[in-house]
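Working notes, structure below.
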Amino acid sequence: AAMRSRAEVDATLQTAKLNPAELLPAVHCLSFGPQAGGGECCLLQLEPGLCAELEAGRSLVIRGEKDEHAVLCSKDKTYDMKIADTSNMLLFVPGCKTPEELNADPASCNIIHSQIAGFSKNYWELRRCRPKLKKLRKLLMEDPYEGPDSQKDQTSTFSKYTTEDLLSLIQASEEEILHQLQVIDACKIEGYWRILDFDYEMKLLSHVTQLIDSESWPLSKVPLCACLEELGSLEPREMIEHILLSYGRKYVDDAGEVFFEMREDKICRAIAQMLLQNAVKFNLSEFEEVWQQSVPEGMTTRLDQLQGLALVDKSSRPETIFLLKVEDLPEDNQERFNSLFGIREKWTEVDITPYIQDLCAEKQTVGALLTKYARSSMLNGVKVFNSRRPIS
């Protein structure tokens, strides 16, 4: 394109009926450079916090396998990526000066010739989302660890996963993945993350609770050294320590000795799962009796320990209880509600909350989720929720 002169610019302003006195004196003359093809560049809109991450030299990572929707992760947060189209074409002009910069520099040349290096009709928009962590448990459950003597472990053809593997497969930030590994009580064995087979976990837990019982230790002060000493001949020491970490809170006393305060609710919950997993439904009053007899001396069982694990059916006579684990339900909001309304047509808020709590986004309440995905009505004076759409 030929370079425009000041006279040509003034003539154009006059044709457009614009008063030059109301405009900045500098004029940008734009021309397309030889390489100004679209599609070479992608624009990503970042919130200030993510800009600061990049400016500090940290990385942002895009995660997702071929069949998954891409997400972007910082060190500790996950964002959905969506393409936003714009009605105006966006032009990339290297070294382009903004009106503020031109104002600040009165000496700036009054005609600036700029070459357009590229253009775009859309950009990637980020929206903070829940990390997609369900797959983490699914991958580790392909090959649960059954203990050092397990023949299955020697012959297993399933993949084993290192931290690096999980970072490339799971759509979540590193901190969210490491936190979730703790939540699901995964442990590192020979460099690979594993989940203990439930029966093996219960075997380890019963070794520990029987030892506590036989030594008459208080549940709030279980010594690590003595546990390793006594049980080390039965199971690997790191497994004994892992079960104490899973079911207890570690602390160090004034003399520097390591103790564990056992977590009553978690132990009662695990024993309930063991009792319930062999029955489709269990008479509630019989279950409560057997459960209390099965937990270690000094522990008290309560139904609220089973939130998100088991559900009481108050409408059956006699009342029953059955296993319903929140981690077995779908991760997608609509699919989760479909699944729950397939199990039970009408739910009270108290019953459904443990099964949808984990779906709440930042600052979102269970009430807001129910408003969106369920319809409320009154049944015998109690507010209940049912599906907004027909369940097939």
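The values are calculated or read from the model by the stated rules, or taken from the named source; none is laboratory data. What you see is a predicted model, and the numbers here were worked out from it, not measured in a lab. Using ideal geometry, Cβ is built from the backbone for each residue, glycine included, and neighbour counts are taken over all protein chains shown. Each accessible area value is taken on the protein alone, full model and side chains, heavy atoms only, with ligands, DNA and RNA left out. Shrake-Rupley method; radii C 1.70, N 1.55, O 1.52, S 1.80 Å.
Gly57 meets the conditions (1) modelled with pLDDT of 90 or more; (2) closer than 30 Å to Asp328 by Cα; (3) not acidic (Asp, Glu) in every case but one. The failed one is (2). Inside region 172-194, residues that are touching a strand residue (DSSP E or B) at 6+ places or on another chain (Cβ under 9 Å) and of a type outside the set (Val, Ile, Thr) make up a count of 12. Within the span defined as region 282-291, every residue fails to be surrounded by 14 or more Cβ atoms within 10 Å (Cβ to Cβ), within 30 Å of the chain's Cα centre (by Cα) and farther than 20 Å from Gln182 by Cα. Being open to solvent by less than 60 Å² (accessible area, probe 1.4 Å) and in a strand (DSSP E or B) is the filter; apply it to region 20-60 and report the residue that is nearest to Arg4 (Cα to Cα). Taking the candidates together, the pick is Cys29.
If I filter region 352-387 down to residues being touching a strand residue (DSSP E or B) at 6+ places or on another chain (Cβ under 7 Å), touching a residue at least 24 places away in the same chain (Cβ under 8 Å) and not small (Gly, Ala, Ser), which single residue comes out as most open to solvent (accessible area, probe 1.4 Å)? So, considering only residues that are touching a strand residue (DSSP E or B) at 6+ places or on another chain (Cβ under 7 Å), touching a residue at least 24 places away in the same chain (Cβ under 8 Å) and not small (Gly, Ala, Ser), the one most open to solvent (accessible area, probe 1.4 Å) is Glu362. I'd like to check something: does region 75-85 contain any residue that is of a type outside the set (Lys, Arg), farther than 15 Å from Ile170 by Cα, open to solvent by 40 Å² or more (accessible area, probe 1.4 Å) and assigned to a strand (DSSP E or B)? Yes, region 75-85 contains a residue that is of a type outside the set (Lys, Arg), farther than 15 Å from Ile170 by Cα, open to solvent by 40 Å² or more (accessible area, probe 1.4 Å) and assigned to a strand (DSSP E or B).
Residues that are surrounded by 13 or more Cβ atoms within 10 Å (Cβ to Cβ), in contact (Cβ under 8 Å) with a residue 12 or more places away in the chain, touching a strand residue (DSSP E or B) at 6+ places or on another chain (Cβ under 9 Å) and of a type in the set (D, E, K, R) within region 128-167 comprise Arg130, Lys132, Lys135, Asp143, Glu146, Lys160, listed in sequence order.
Can you pull out every residue in region 234-281 that is aromatic (Phe, Trp, Tyr) and open to solvent by less than 20 Å² (accessible area, probe 1.4 Å)?
Once the filter is applied, which keeps residues that are aromatic (Phe, Trp, Tyr) and open to solvent by less than 20 Å² (accessible area, probe 1.4 Å), region 234-281 yields Tyr247, Phe259, Phe260.
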